[in-house]
Amino acid sequence: MAEPSERGPEFTLEVEGDKGKAVRLRISGHLSLDNLLPLRSELESALSRMIPADLTVDLAGLSYVDSAAALALLDLKDEAERQSIPCSFANASEKTRGVMGLIDPEAVSMAPLRPEAQPQDVFTQIGDETRLLWKDFCDLQSFLGDLLLALVFCFRHPGSVRWLDVLFYMKRAGADALPILSLMSIGTGAVIAFLSALQLKLVGATIYVAALIAIAVVQELGPMLTAILVSGRSSSAFAAEIGTMMVKEEVDALVAFGFDPLRFLAVPKLLATVVVLPLLTLYSMLFCIVGGFLVGVYLLDFTVYTYINETMKNIMLFDLGSSLVKSVVFAVVVASIGCQRGFQVRGGAEAVGTMTTSAVVTSLFLVVLVECIFAIVLHYVRPA
Amino acid sequence: MASEKALASQGKKPVIEVDRLTAGYGDNIVLEDVSLEVFLGEILVILGESGCGKSTLMKQMIGIYQPFAGQVLINGININTEDEMEQGRLRRHIGVAFQAGALFGSMTLGENVSLPLQEYTDLPEEEIDRIVRMKLGMVNLGGYENHLPEELSGGMQKRAGLARAMALDPRVLFFDEPSAGLDPVTAAELDILIKSINAGMGITMVVVTHELQSIFNIAHRVIMLDKEARGLIAEGDPRELQKHSEDPRVHNFFNRLPSRLKARKI
């Protein structure tokens, strides 16, 4: 008995023999990934339908067999033998035998050397995250200690500082940030002027728009805005740069040469950021005030003199000084976190991405934390 | 083993045809007017000193870069064809084993190998898992499907890269420096693996290397490139070239002899 079974133009399966007796499966055509599922289904169906006493799979008509199809044929043999049905391949070409010979049936059925990672329960996750957070905190302290020692060394030996690198990073973190900082600052100043004018107009106190902007910008917004911008631009860039160097073993090369990677890589970035961030902060304050000024003069009908006079009256030297000190602290936070996250990179491209993100998120978090601490302290120490 | 003309005269079918290819980077021409053929089922080794354009030629064959002039045909289809459907079909039949494995670091070995299967086929997960285990078994990495690439040695990563390159049973397989950076035993094991896959599956292979031992182990035929010639300077059986080539560049390469100029500098 012959039961031809067409599965498209690619392969043909013919079943010869009677149910329960010796059966011959003739497979011809092209067996590949593209027709793997019909092949498997047809083979299984033939085996279960015929329940042969002896099975011969005739491969003479095969023009091509890929490894996935060869695996399906071997699986058929396994399944037949599992059902105590003797099974053999006949007329297999050298190529077909070659493909089958490459397949290691043990490897296919072998359990993974490591079980698949299972999702953890909530408590384990909380525990792990807490442990990692604590470890991260300790690593950060340790890094800051090392960085401080490197800085002390550099102050005692100024010649050891790579000043050209400092200038390079001052340009990258400072001068290159000016266009976007100008835009952000003018926009912020203008928006605050608009919003505050709407409210102050209700009580006839529009004149205080200039004062509000001056105080807000000099005490809080200028340093914060600048620190956020530098976190996004430079902290991430530091982390990505050092992280990539870690991946490419460039940091190992520095150590092998006897250089301290912190002095070589982190100190120039830190010094550059400490110099430029206060300058950027002053620049941001100025442009925020310009933004408010434009709205005040052109839309709220202030005179130029009134607006400038109101602004100058409300800028305290103490506030300006404390904001600059604050921006130095922000600079230390932003640059240190960027460098530390870079040095923490292990592995490949994904780790660089993860640590770059972490650098931005952590430095932003710490900037806000420092801002809160300064706000509380300054509240008590600000002269009446 | 035979030369290109001999293989062609034997009626062997060219799978890859490089036709008057000129290629390079920016204004720098690395290969000029290069033509060659790779025949069905053969292992062709591209060799030459560093900077001679071996990797450039391979990347042109894979279609990673556009040539300045000329074309590369695989099974008669231009590798840089603008017909996306045709290019997709063509790429499905090309596998590339990169120098350092180029495994995706965030994925396990199993996920790395299954990626092309998931993208190019509609097979169910269970079937893909079986094929992945089979492919890893072929490169002696059975059981490693849940390991991350960073947990493996360099040799294991190269083998895993090979398993991924073979995921779709390509008709043509390219290797970039397969034995570079490996110890002699691991390199020899990889050579055996390459040969057995070539013999078992009949895959046409193009291998870029300058490891002499590997060349003698695996090559059916070699072509040698030269930096100054910007193209081919020799072609044929490696042992024949080692013994009988009269070109000093070929002779020096196969016999590990520094050129006179370099020797004087030393």
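The values are calculated or read from the model by the stated rules, or taken from the named source; none is laboratory data. It should be emphasised that the depicted structure is a prediction, and the values quoted were computed from it without experimental measurement. Glycine also receives a Cβ, built like all others from the backbone with ideal geometry; neighbour counts cover every protein chain displayed.
Filter segment A:55-81 for residues that are among the small types (Gly, Ala, Ser) and part of a helix (DSSP H, G or I); which is surrounded by the fewest Cβ atoms within 10 Å (Cβ to Cβ)? Reasoning before the result, please.
Residues of segment A:55-81 among the small types (Gly, Ala, Ser): A:60-61, A:63, A:67-70, A:72, A:80.
After this cut, where a residue has to be part of a helix (DSSP H, G or I) as well, the list is A:67-70, A:72, A:80.
Details: A:Ser67: 24, A:Ala68: 28, A:Ala69: 26, A:Ala70: 25, A:Ala72: 23, A:Ala80: 20.
My answer is A:Ala80.
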Original post:
Considering segment B:146-162 alone, what residues qualify as being in a helix (DSSP H, G or I) and surrounded by fewer than 24 Cβ atoms within 10 Å (Cβ to Cβ)?
Top reply: B:Pro149, B:Glu150, B:Glu151, B:Gly154, B:Gly155, B:Met156, B:Gln157
Original post:
In segment A:75-86, is there at least one residue being at pLDDT 90 or above and small (Gly, Ala, Ser)?
Top reply: yes
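Out of A:Lys171, A:Lys135, which single residue is surrounded by 12 or more Cβ atoms within 10 Å (Cβ to Cβ) and in a helix (DSSP H, G or I)?
On the way: A:Lys135 fails: surrounded by 12 or more Cβ atoms within 10 Å (Cβ to Cβ).
Result: A:Lys171 is the single residue among A:Lys171, A:Lys135 that is surrounded by 12 or more Cβ atoms within 10 Å (Cβ to Cβ) and in a helix (DSSP H, G or I).
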**OP:** Any chance you could count how many residues in segment A:282-306 are among the aliphatic types (A, V, I, L, M), surrounded by fewer than 19 Cβ atoms within 10 Å (Cβ to Cβ) and in a helix (DSSP H, G or I)?
**Re:** 6
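In segment A:209-279, which helices (runs of 4 or more DSSP H) lie fully inside it and hold 2 or more residues that are closer than 30 Å to A:Gln199 by Cβ and small (Gly, Ala, Ser)? Spell out how you get there, then give the answer.
Values: elements: A:222-230, A:236-247, A:250-256.
By residue number, A:222-230.
Checking the conditions here, which among B:Leu190, B:Leu182, B:Leu168 is outside any helix (DSSP H, G or I), at pLDDT below 90 and closer than 29 Å to A:Ser67 by Cβ? Give the derivation first.
On the way: B:Leu190 fails: outside any helix (DSSP H, G or I); B:Leu168 fails: at pLDDT below 90.
After applying the criteria, what remains is B:Leu182.
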Original post:
Being among the charged types (D, E, K, R), out of contact with any His (no Cβ under 7 Å at 6 or more places or on another chain), at pLDDT 95 or above and in the same structural domain as A:Leu181 (by TED's automatic domain parsing), is that true of even one residue in segment A:269-276?
Top reply: yes
Subject >> Selection from segment A:111-129 of residues that are in contact with an Asp or Glu (Cβ under 9 Å, 6 or more places away or on another chain) and surrounded by 12 or more Cβ atoms within 10 Å (Cβ to Cβ) >> reply: A:Pro112, A:Leu113, A:Arg114
**OP:** Answer yes if at least one residue in segment A:6-26 is surrounded by fewer than 16 Cβ atoms within 10 Å (Cβ to Cβ), of a type in the set (Asp, Glu), within 14 Å of another protein chain (Cβ to nearest Cβ) and not in a loop (DSSP other than H, G, I, E, B), and no otherwise.
**Re:** no
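Looking only at segment A:39-49, decide whether some residue is within 14 Å of chain B (Cβ to nearest Cβ), in a helix (DSSP H, G or I) and exposed (fewer than 13 other Cβ atoms within 10 Å of the Cβ).
Here is the first cut: in segment A:39-49, the residues within 14 Å of chain B (Cβ to nearest Cβ) are A:39-41, A:43-44.
In the following step, the residues that additionally are in a helix (DSSP H, G or I) were identified as A:39-41, A:43-44.
The next check asks that each one be exposed (fewer than 13 other Cβ atoms within 10 Å of the Cβ); those that pass are A:41.
For segment A:39-49, residues within 14 Å of chain B (Cβ to nearest Cβ), in a helix (DSSP H, G or I) and exposed (fewer than 13 other Cβ atoms within 10 Å of the Cβ): present.
Among the residues of segment A:82-107, how many are of a type outside the set (S, T, N, Q) and part of a strand (DSSP E or B)? Let's see the steps before the verdict.
So in segment A:82-107, the residues of a type outside the set (S, T, N, Q) come out as A:82, A:85-87, A:89-90, A:92, A:94-95, A:97-107.
Still in the list and also part of a strand (DSSP E or B): A:87, A:89-90.
Adding up the residues that qualify gives 3.
Name the residue, out of B:Leu148, B:Leu141, B:Leu162, that is within 9 Å of chain A (Cβ to nearest Cβ), closer than 29 Å to A:Glu94 by Cβ and of a type in the set (A, V, I, L, M, F, W, C). Talk me through it step by step, then tell me what you get.
Values: B:Leu148 fails: closer than 29 Å to A:Glu94 by Cβ; B:Leu162 fails: within 9 Å of chain A (Cβ to nearest Cβ).
So the residue among B:Leu148, B:Leu141, B:Leu162 that is within 9 Å of chain A (Cβ to nearest Cβ), closer than 29 Å to A:Glu94 by Cβ and of a type in the set (A, V, I, L, M, F, W, C) is B:Leu141.
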Subject >> Flag for B:Ser179 being buried (at least 21 other Cβ atoms within 10 Å of the Cβ) and either farther than 30 Å from B:Met156 by Cα or free of Cβ contacts under 8 Å to residues at least 40 places away in the same chain (or both) >> reply: yes
Original post:
What are the residues in segment B:220-239 that are of a type in the set (D, E, K, R) and at negative phi, if any?
Top reply: B:Arg221, B:Asp226, B:Lys227, B:Glu228, B:Glu235, B:Asp237, B:Arg239
**OP:** Kindly indicate the residue of segment A:84-110 that is surrounded by 12 or more Cβ atoms within 10 Å (Cβ to Cβ) and of a type in the set (D, E, K, R) and also nearest to A:Leu25 (Cα to Cα) among those meeting that condition.
**Re:** A:Arg97
**OP:** Please give the number of the condition A:Ala240 fails out of (1) surrounded by fewer than 21 Cβ atoms within 10 Å (Cβ to Cβ); (2) within 23 Å of A:Leu320 (Cβ to Cβ); (3) modelled with pLDDT of 95 or more.
**Re:** (2)
Subject >> Checklist (1) β-branched (Val, Ile, Thr); (2) more than 27 Å from B:Ser106 (Cβ to Cβ); (3) surrounded by fewer than 24 Cβ atoms within 10 Å (Cβ to Cβ) applied to A:Thr362, failing item >> reply: (2)
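Would you be able to say whether some residue in segment B:78-87 is in contact (Cβ under 8 Å) with a residue 40 or more places away in the chain, out of contact with any strand residue (DSSP E or B) (no Cβ under 7 Å at 6 or more places or on another chain) and either within 13 Å of chain A (Cβ to nearest Cβ) or within 22 Å of B:Ser55 (Cα to Cα) (or both)? Don't jump to the end; show me each part of the working.
Step one: list which residues in segment B:78-87 are in contact (Cβ under 8 Å) with a residue 40 or more places away in the chain, which gives none.
No.
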Original post:
Looking only at segment A:97-134, which residues are within 10 Å of chain B (Cβ to nearest Cβ) and polar (S, T, N, Q)?
Top reply: A:Ser109
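Pick from segment B:122-145 the residues that are in contact (Cβ under 8 Å) with a residue 40 or more places away in the chain and not in a helix (DSSP H, G or I): which of them is surrounded by the fewest Cβ atoms within 10 Å (Cβ to Cβ)?
Start the filter on segment B:122-145 by keeping residues that are in contact (Cβ under 8 Å) with a residue 40 or more places away in the chain, which leaves B:138-140.
If we keep only those that are not in a helix (DSSP H, G or I) too, we end up with B:139-140.
Values: B:Val139: 27, B:Asn140: 15.
Checked segment B:122-145; the qualifying residue surrounded by the fewest Cβ atoms within 10 Å (Cβ to Cβ) is B:Asn140.
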**OP:** Within segment B:71-91, identify whether any single residue is in contact with a Pro (Cβ under 7 Å, 6 or more places away or on another chain) and buried (at least 22 other Cβ atoms within 10 Å of the Cβ), and answer yes or no.
**Re:** no
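Within segment B:81-95, track down each residue that is outside any helix (DSSP H, G or I) and within 22 Å of B:Lys13 (Cβ to Cβ). Lay out the reasoning, then the answer.
Of the residues in segment B:81-95, the ones outside any helix (DSSP H, G or I) are B:81-83, B:93-95.
Hits for segment B:81-95 are B:Thr81, B:His93, B:Ile94, B:Gly95.
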**OP:** Determine the pairs where a residue that is within 19 Å of A:Val290 (Cα to Cα), located within segment A:307-326, has a partner that is among the aromatic types (Phe, Trp, Tyr) and assigned to a helix (DSSP H, G or I) with Cβ atoms under 6 Å apart, the partner being 6 or more residues away or on another chain.
**Re:** A:Tyr307/A:Phe293
Subject >> Long-range neighbours under 8 Å by Cβ, at least six apart or interchain, first residue within 11 Å of chain A (Cβ to nearest Cβ) within segment B:194-218, second of a type in the set (Ser, Thr, Tyr) >> reply: B:Met201/A:Ser67
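Looking at A:Gly353, A:Gly258, A:Gly338, A:Gly342, which one is surrounded by fewer than 22 Cβ atoms within 10 Å (Cβ to Cβ), under 30 Å from B:Ala100 (Cβ atoms) and within 26 Å of the chain's Cα centre (by Cα)? So that I can check it myself, show each step before the final result.
Numbers: A:Gly258 fails: within 26 Å of the chain's Cα centre (by Cα); A:Gly338 fails: surrounded by fewer than 22 Cβ atoms within 10 Å (Cβ to Cβ); A:Gly342 fails: surrounded by fewer than 22 Cβ atoms within 10 Å (Cβ to Cβ).
Selected residue: A:Gly353, the only one of A:Gly353, A:Gly258, A:Gly338, A:Gly342 that is surrounded by fewer than 22 Cβ atoms within 10 Å (Cβ to Cβ), under 30 Å from B:Ala100 (Cβ atoms) and within 26 Å of the chain's Cα centre (by Cα).
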